[in-house]
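In what follows, a structure is listed as structure tokens, so that the remarks can point back to it.
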Amino acid sequence: MLRKVFLVPLALTLVVIAGCAEPPTQQIQEAEKALKDAQENGAATYSADEYAKLEGTLAALRKEVADQDEKFTLFRDYGKAQQLSASAKADSERIKAASVEKKEEAKAAALQAQQVAEEAVRATQDLVARAPVGKDRAAVEAIRNDVEGLKSLLKQVQASIDKEDYPAAQTQAKAIHDMSQGVSTEIQNALAKIGKGKLAKKK
């Protein structure tokens, strides 16, 4: 009877050991899938720091599993791996949700920047069209070419938006806006040189 009493806790211990001796394969797969989902939703771009930490957690998880795999079966303990996989999955889902929100904000900002850039280019076009040519025909033609170049650059902004690369679209749109302002200043300087205080009326 006494032997049976000792055998019961021993059997329970072996069950617990056996349970911890199996790697949490499904949990790891779920964590890795959650990481991939977060990446596809722009986590690497819109939640870069948190995403980098998450990758570190996954790397630590894989190392922990590999370390336990090298041990003798009875001494394996995947408890830490289970904790890491659960943490990675939860963090992935949280980061994914945050990234989706930040991506929408970036999209709105990119569209706004695109509109501002388009308006700046149109205003510069109008200024060029109304500028008197006079003796500085070559200079005015050069400025008109610059404006045409700005119009071409607007296509790059749209291409970035189409690819959902909203940070790039914002940067490009801001650059176009700044260049438009520079061209406008150039036109004003050209007018000042030929002594025209007022622009010619647009026909």
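The values are calculated or read from the model by the stated rules, or taken from the named source; none is laboratory data. All values derive from a computational prediction rather than experimental measurement. Note: ideal-geometry Cβ built from the backbone for every residue, glycine included; neighbour counts use all protein chains shown. Areas reflect the complete protein model, heavy atoms only, side chains present, ligands, DNA and RNA absent. Shrake-Rupley method; radii C 1.70, N 1.55, O 1.52, S 1.80 Å.
Among the listed pairs LYS33/LYS80; LYS53/LYS163; LYS53/LYS96; LYS36/LYS103; LYS63/LYS96, which are separated by more than 21 Å between their Cα atoms? The answer is LYS53/LYS163; LYS63/LYS96.
Surface composition of the stretch 51-192: carbon and sulfur atoms hold 52% of the protein heavy-atom accessible area at a 1.4 Å probe.
Under the combined filter of DSSP loop state and at most 11 neighbouring Cβ atoms within 10 Å, the stretch 54-158 retains these GluC sites (Glu not before Pro): GLU70.
For LYS102, a cut-off of 20 angstrom between C-alpha atoms picks up these aspartates and glutamates, skipping any fewer than 8 places away in its own chain: ASP37, GLU40, ASP49, GLU50, GLU55, ASP91, GLU93, ASP162, GLU164, ASP165. Taking every protein chain into account, the accessible area of the stretch 87-165 amounts to 57 square angstrom per residue (probe 1.4 Å). For LYS107, what charge total do you get from the other residues with a beta carbon under 14 Å from its beta carbon, if Lys and Arg give +1 and Asp and Glu give -1? Local charge sum for LYS107: -3.
Loop only per DSSP, at most 14 neighbouring Cβ atoms within 10 Å: give me the trypsin sites (Lys or Arg not before Pro) in the stretch 61-117, ordered by residue number. Each step should come with its number before you reach the end.
Working: sites: ARG62, LYS63, LYS71, ARG76, LYS80, LYS89, ARG94, LYS96, LYS102, LYS103, LYS107; in loops: LYS71, ARG76.
Counting only loop positions with at most 14 other Cβ atoms within 10 Å, the trypsin sites (Lys or Arg not before Pro) in the stretch 61-117 are LYS71.
Between THR73 and ALA109, the modelled label-to-label distance comes to 5.6 nm, taking each label 7 Å out from Cα in the direction of the beta carbon.
Loop-resident chymotrypsin sites (Phe, Trp or Tyr not before Pro) (DSSP state other than H, G, I, E or B) in the stretch 64-113 with no more than 13 further Cβ atoms inside 10 Å of their Cβ: PHE72. Residues in the stretch 75-87 carry Karplus couplings, in order, of 9, 6, 9, 9, x, 5, 5, 5, 5, 5, 5, 5, 5 Hz; the curve used is 6.51 cos²θ - 1.76 cosθ + 1.60 with θ = phi - 60°, and Gly or Pro positions show x. The aspartates and glutamates whose alpha-carbon is closer than 12 Å to the alpha-carbon of LYS155, local same-chain residues fewer than 8 away aside, are GLU118.
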